[in-house]
Amino acid sequence: MIPYLDLKAQYRSIKAEIDAAVLRVLDSTQYILGEEVAAFEREFAVHCHAKEAIGANSGTSALHLALLACGIGPGDEVITVPFTFVATVSAIVYTGATPVFVDIEPDYYTMDVSRIEAAITPRTKAIMPVHLYGQPADMDPLLEIARRRGLTVIEDAAQAHGAEYHGRRCGSIAEIAGFSFYPGKNLGAYGEGGAVTTTRADYAAMCRTLRNWGEEKRYEHRYKGFNYRMDGIQGAILGVKLRHLEQWTEQRRQVAEWYAAALDQDSVRIPKARPGCRHVYHVYAVRTDDRDKLRDVLGKQGIQTGIHYPIPVHLQAAHADLGYHAGDFPVAEQVAREVLSLPMFPEMTREQVREVAAAVSEARV
Ligand SMILES: *Cc1c(COP(=O)(O)O)cnc(C)c1O
């Protein structure tokens, strides 16, 4: 059996440190925010080359806070991609703004920057690219368009901890970004978690206020805020795990190299890393015409796989009110039909990679 990911192996490797950190929080009674969260925020900001990080209770909350800090609200339009986890789009909808989709690039599955200009209207306020699977979107031309057209850029970095675009870290390429610490993410809490990172003190202050009921002083609510605070236990756990993230990221990149060498590239298309970028392989997705058959054959051999994502957001029932139809984003729709995520986790061995590759070759799809 080869699992899709192995959280147990990771916990075992750091159990003593994690258990001590959790007990420390229990003993301190700082169950919400507190010193452990503040310490993690400082360390995560450094990791992202950002000025500040603001812990939140999920990645979705972090994206929502980031959008609100940028002043996005009803009547505004935010340009994003349909090929992402639904939370990207939900966060925009929560602000009252309207998501406007552009298609993705066929090679890298991130926003096709050449399509942005045509999607801009007088209502457009922001662009929210997604660093999908751990690969940075094509940020330089995107930022250039944003600068020229007076738009804000918010990075959805939920899958891109430690990823780099020409030496700049995801989370500080634009002025503000949202990360997720969902347990399966490259940096995962043992529960829900997320963070905003920003290079601007005013955005940071607004996020801190909004995540805590819009409170500027105790029981003085300047804004209609939210309960989006991070738990003390999650902050302590993330502080421990952050110290291992670089090593885990390098291990993921090694696993990707092993896959590239071992997989039969006549059967499947392997992921392409954008030149000049550090891909952190949150997801290792291959492409094939008969994805469902490949998934079936691998499953029968005990190899777990995933599909990220089978239905693009513009075709999800929940977002039918946006008025999109099948055929509107042909690249996203084709990629959604063809991608299959193979097992990918830092502890994966070369032998396990060989086993997956052999099963892919035998499937002959
Ligand atoms: C995981 C994820 C989110 C949401 O994060 P949660 O912590 O689950 O709320 C948002 N965007 C993308 C691209 C994600 O992968």
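The values are calculated or read from the model by the stated rules, or taken from the named source; none is laboratory data. Nothing here was measured: the structure is a model prediction, and the numbers come from that model. Using ideal geometry, Cβ is built from the backbone for each residue, glycine included, and neighbour counts are taken over all protein chains shown. Remember, those area values only see protein heavy atoms, side chains included, never the ligands or the DNA or RNA. Shrake-Rupley method; radii C 1.70, N 1.55, O 1.52, S 1.80 Å.
Of note:
- With contacts taken as Cα pairs under 8 Å and at least 6 residues apart, the stretch 246-363 reaches a relative contact order of 41 percent.
- 1.4 Å probe accessible area per residue over the stretch 17-136, in Å²: 35 Å²
- Relative contact order (%) - criterion: Cα under 8 Å, at least six apart; region: the chain: 23 percent
- Length-normalised contact order for the stretch 1-92 - Cα pairs under 8 Å, 6+ apart - percent: 18 percent
- Size of electric dipole in the stretch 142-234: Cβ of Lys, Arg +1 and of Asp, Glu -1, about Cα centre, debye, nearest 20: 240 debye
- When its C-alpha radius of gyration is set against 2.2 N^0.38 Å (N residues), the stretch 283-362 gives a value of 1.30.
- Cα centre as origin, Lys/Arg/Asp/Glu Cβ charges: the stretch 246-363 dipole, Debye: 220 debye
- Placing unit charges on each Cβ (+1 for Lys and Arg, -1 for Asp and Glu) gives the chain a dipole about its Cα centre, and among Ser13, His131, Ile120 the Cα reaching farthest toward its positive end belongs to Ser13.
- Reciprocal of mean inverse Cα separation for the stretch 151-212 (Kirkwood radius, Å): 12.2 Å
- Shown are Asp140, Asp292, Asp19, Asp76, whose ranking by accessible area with a 1.4 Å probe and every protein chain present, most to least, is Asp292, Asp140, Asp19, Asp76.
- Whole-Å distance, taken between Cα centres, linking the stretch 295-327 and the stretch 48-90: 22 Å
- Peptides 165-173, 323-331 ranked from most to least packed, by the mean per-residue count of other Cβ atoms within 10 Å: 165-173, 323-331.
- Looking at the stretch 246-363, the accessible area is 45 square angstrom per residue; that uses a 1.4 Å probe and ignores ligands, DNA and RNA.
- Nonlocal amide H pairs with Thr80, under 5 Å, H built at 1.01 Å: Val100, Phe101, Val102, Met128
- Among the chymotrypsin sites (Phe, Trp or Tyr not before Pro) found in the stretch 1-79, those both in a DSSP coil and sparsely packed, with 16 or fewer other Cβ atoms within 10 Å of their Cβ, are Tyr4, Tyr31.
- Each principal axis of the stretch 4-150 carries a Cα extent, and these read 55, 33, 26 Å when sorted largest first.
- The stretch 124-187: C-alpha gyration tensor shape, a/c 1.5 cut-off, then a/b vs b/c: prolate
- Judged by the mean number of other Cβ atoms found within 10 Å, the most tightly packed of the peptides 117-123, 269-275, 80-86 leads the ranking 80-86, 269-275, 117-123.
- Sorted largest first by accessible area at a 1.4 angstrom probe radius, with every protein chain in place, the residues Leu340, Leu5 fall in the order Leu5, Leu340.
- Label separation (Glu43 vs Arg337): 4.7 nm, computed from points 7 Å beyond Cα along the C-beta direction.
- Sum of -39500 (n - 2.57) over DSSP H runs of 4+, divided by residues of the chain (222 nm, nearest 500): -12500 deg cm²/dmol
- Size of electric dipole in the stretch 1-70: Cβ of Lys, Arg +1 and of Asp, Glu -1, about Cα centre, debye, nearest 20: 180 debye
- The stretch between Thr121 and Ile311 holds 65.7 nm of extra length on full extension. This uses 0.36 nm per residue minus the Cα-Cα distance.
- Here each label is just a point 7 Å from Cα along the line to Cβ, and for Tyr31 and Asp107 those points are 5.2 nm apart.
- Loop chymotrypsin sites (Phe, Trp or Tyr not before Pro), the stretch 106-140, which have at most 15 other Cβ atoms in a 10 Å radius of their Cβ (DSSP): none
- Rh (Kirkwood; distinct C-alpha pairs) - the chain, Å: 20.9 Å
- Rounded, prolate or oblate (a/c below 1.5 giving rounded, otherwise prolate when a/b exceeds b/c) for the stretch 98-144 by Cα gyration tensor: prolate
- Note on the stretch 246-363: with neighbouring protein chains present and a 1.4 Å probe, carbon and sulfur make up 47 percent of its accessible heavy-atom surface.
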